[in-house]
Amino acid sequence: ADFGFSKVRLDEKQGLVDDVFHKVAKRYDLMNDVMSGGLHRVWKDILIAKLGLGRHRAFRHLDVAGGTGDVAFRIANAGGPGTHVTVADINTGMLEVGRARAEKMHLRNQVDFVEANAEELPFEDKTFDGYTIAFGIRNVPRRDKALSEAYRVLKRGGRFLCLEFSEVDVPVLDEIYKAYSFTAIPAFGKVITGDGQPYRYLVESIAQFPKPEEFRSMIEAAGFQRAAYQRLTGGVVCIHSGWKL
Ligand code: SAM
């Protein structure tokens, strides 16, 4: 299926993505639970376990495309008081929801929110011990730039982790998944936010995302070592990782 996203110019893609997340910011967390049947929580926990956080070590983390703070709060809770997380996102609507959530969770001291583009991060070289991007890199028009920026802001020994939708590699499940994503996701989107069209773009961007092996090469091209990936839930999502050594 082709809803036209492939024909959209690179510099227009960001605008479309921004419209989607402005529209859904207030309902984003609910949407995530509904559309993934709660699975996104499990996937995020597996992602965070890979950081190997110790409760008393100082750890400075950057969560890019961090939206409403979901990944950041998990990291702050797992890492304890020595952990500080910066959430960077291009969308002020998502960041506002995140700040309010942080307030409620009493995590304002440990988590801060910065408006930033993944392609051009406003941080100095070698600032962070860890970098995550969950369901975000797919939306970034120039992914190679985002990966180089990830490399630049990490310290030596820093960990890069990316959680993203992938290709389902189990027969039958892949057909079910395709049918689900191309029909049910826009339908949920329409019910919850009043407009299904933005979700069609998002589903299509999943179909167009590079295959795991190809994305692994891109991570290496950005300078990372020991780039690897792990498929979860039959390949619905994939965790990509690398080290800045
Ligand atoms: N990481 C969060 C999570 O897993 O719940 C949010 C993921 S949400 C699907 C994608 C986020 O990417 C949105 O908040 C959007 O604003 C952000 N985003 C899109 N393009 C971006 C860019 N170029 N730089 C930074 N963030 C971007």
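Nothing in this text is a laboratory measurement; each read-out follows from the coordinates by a stated rule. The structure displayed is predicted, hence computed values, not measured ones. Here the Cβ positions follow ideal geometry from the backbone for every residue, glycine too, while neighbour counts run over all protein chains shown.
Once both labels are positioned 7 Å from their Cα atoms along Cα-to-Cβ, the gap between Ala49 and Asn77 label points is 1.6 nm.
Among Leu232, Val111, Val140, flag the residue with its Cα farthest along the positive direction of the charge dipole of the stretch 5-244, charges on Cβ as +1 for Lys/Arg and -1 for Asp/Glu. Result: Val111. Phi-derived couplings, Karplus 6.51 cos²θ - 1.76 cosθ + 1.60 at θ = phi - 60°, listed residue by residue for the stretch 28-41: 4, 5, 5, 4, 4, 5, 5, 6, 9, x, x, 5, 4, 5 Hz, with x used for Gly and Pro. For the stretch 9-42 versus the stretch 97-157, the inter-centroid distance based on Cα atoms is 17 Å. Less than 5 angstrom separates the built amide H of Phe59 from those of Thr83, His84, all sequence-distant by 5 or more or on a different chain. Near the amide H of Ser166, within less than 5 Å, lie the amide hydrogens of Val237, Cys238, all on another chain or at least 5 residues away, with H placed in the peptide plane.
From the cross-link list Lys50/Lys126; Lys104/Lys244; Lys13/Lys145, which pairs have alpha carbons spaced over 27 Å apart? The pairs that break the limit, which is 27 Å between Cα atoms, are Lys104/Lys244. Over the chain, all Cα pairs binned in 5 Å intervals from 0 give whole-percent P(r) values of 1, 6, 14, 19, 21, 18, 12, 6, 2, 0, listed from short to long. With the cut-off at under 16 Å, measuring from each backbone N in the stretch 32-61 to a point 7 Å along the Cα-to-Cβ line of Asn109 picks out 56-59. The value obtained for the stretch 144-245, namely the Cα convex hull volume divided by the number of residues, is 109 Å³ per residue.
Remark on the stretch 92-211: ratio of C-alpha radius of gyration to 2.2 N^0.38 Å is 1.28. Modelled spin labels at Leu30 and Ala187, positioned 7 Å past Cα toward Cβ, are 1.9 nm from each other. With the charge dipole of the stretch 135-245 set up from +1 on Lys and Arg Cβ and -1 on Asp and Glu Cβ about the Cα centre, the Cα lying farthest toward the positive end among the listed residues Gln208, Gly223, Ile192 is that of Gly223.
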